[in-house]
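**Student:** Can you read through this structure? Questions will come right after.
The values are calculated or read from the model by the stated rules, or taken from the named source; none is laboratory data. Everything quoted here is computed from the prediction, not taken from an experiment. All Cβ positions, glycine included, derive from the backbone under ideal geometry; neighbour counts span all protein chains shown. Surface accessibility is based on the protein's heavy atoms, side chains included, excluding ligands, DNA and RNA. Shrake-Rupley method; radii C 1.70, N 1.55, O 1.52, S 1.80 Å.
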Amino acid sequence: QVQPVESGGGLVQPGGSLRLSCIASGSILRFYKMGWYWQAPGKQRELVASMTSGGYTNYADSVKGRFTISRDNAKNTVYLQMNSLKPEDSAVYYCNARPNPNVSYWGQGTQVTVSS
């Protein structure tokens with residue numbers, strides 16, 4: 001069973017930065033896609049950013065130019081660098097790992113709160 005584990009959330013002021021980390025057991029190269037999703041209270045879980053094993057990235061329009069997804073294969077870790085944070089970025093952020101299109105593993109989530 002794969003259980004991604006997120007870390008790096010917290011409270012940050014508007015305009016600040018955070019880096020989220022997601023570590024998976026074993027090599028992340030076996031996942032054809034990994035990504036970050038967010039879910040605010042009362043809203044659906046939505047894609048923030050994803051990266052394929054080939055390095056193709058995809059971002060939600062609202063975070064383009066501010067967030068960057070990256071990975072360190074040697075550390076089995078995927079990162080989400082979040083800059084110029086806004087209050088509307090506040091949510092629980094979940095890591096997702098897909099070994100194939102029909103299987104999806106989720107982390108427990110990490111809370112990000114952007115507030116002054």
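**Student:** So which residues in the stretch 94-104 are more than 12 Å from TYR37 (Cα to Cα) and surrounded by 13 or more Cβ atoms within 10 Å (Cβ to Cβ)?
**Tutor:** Selection gives ARG98, PRO99, SER104.
**Student:** Do any residues in the stretch 7-31 that are closer than 14 Å to ARG66 by Cα have Cβ atoms under 7 Å from those of residues that are assigned to a helix (DSSP H, G or I) and not polar (S, T, N, Q), where the two are at least six apart or on different chains, and which pairs are they?
**Tutor:** That search, which allows pairs on different chains as well, returns PRO14/PRO87.
To keep it simple, each residue is scored yes or no on (1) within 18 Å of PRO41 (Cα to Cα); (2) assigned to a loop (DSSP other than H, G, I, E, B); (3) out of contact with any Ser or Thr (no Cβ under 8 Å at 6 or more places or on another chain); (4) of a type in the set (Gly, Ala, Ser).
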site: THR68; (1), (2), (3), (4): no, no, yes, no
site: ARG71; (1), (2), (3), (4): no, no, no, no
site: LEU80; (1), (2), (3), (4): no, no, no, no
site: GLU88; (1), (2), (3), (4): yes, no, no, no
site: CYS95; (1), (2), (3), (4): yes, no, yes, no
site: ARG98; (1), (2), (3), (4): no, no, no, no
site: TYR105; (1), (2), (3), (4): no, no, yes, no
site: VAL112; (1), (2), (3), (4): yes, no, no, no
site: SER116; (1), (2), (3), (4): no, yes, yes, yes
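**Student:** In the stretch 58-87, what count of residues is obtained for those that are more than 18 Å from ALA24 (Cα to Cα) and in contact (Cβ under 8 Å) with a residue 40 or more places away in the chain?
**Tutor:** Counting residues in the stretch 58-87 that are more than 18 Å from ALA24 (Cα to Cα) and in contact (Cβ under 8 Å) with a residue 40 or more places away in the chain gives 6.
**Student:** Here's another thing I want to ask about it. Just for the stretch 24-38: of the residues that are at pLDDT 90 or above and open to solvent by less than 60 Å² (accessible area, probe 1.4 Å), which one is farthest from THR113 (Cα to Cα)?
**Tutor:** Checking each candidate, the answer is MET34.
**Student:** Could you count how many residues in the stretch 43-74 are of a type in the set (A, V, I, L, M), at pLDDT 95 or above and exposed (fewer than 15 other Cβ atoms within 10 Å of the Cβ)?
**Tutor:** 1
**Student:** Further question: Check PRO4 against each of (1) open to solvent by 30 Å² or more (accessible area, probe 1.4 Å); (2) closer than 14 Å to ARG98 by Cα and name the one condition it does not meet.
**Tutor:** (1)
**Student:** When you check SER21 against the structure, is it of a type in the set (Gly, Ala, Ser), more than 21 Å from GLN108 (Cα to Cα), at pLDDT 95 or above and not in a loop (DSSP other than H, G, I, E, B), yes or no?
**Tutor:** So SER21 fails the test.
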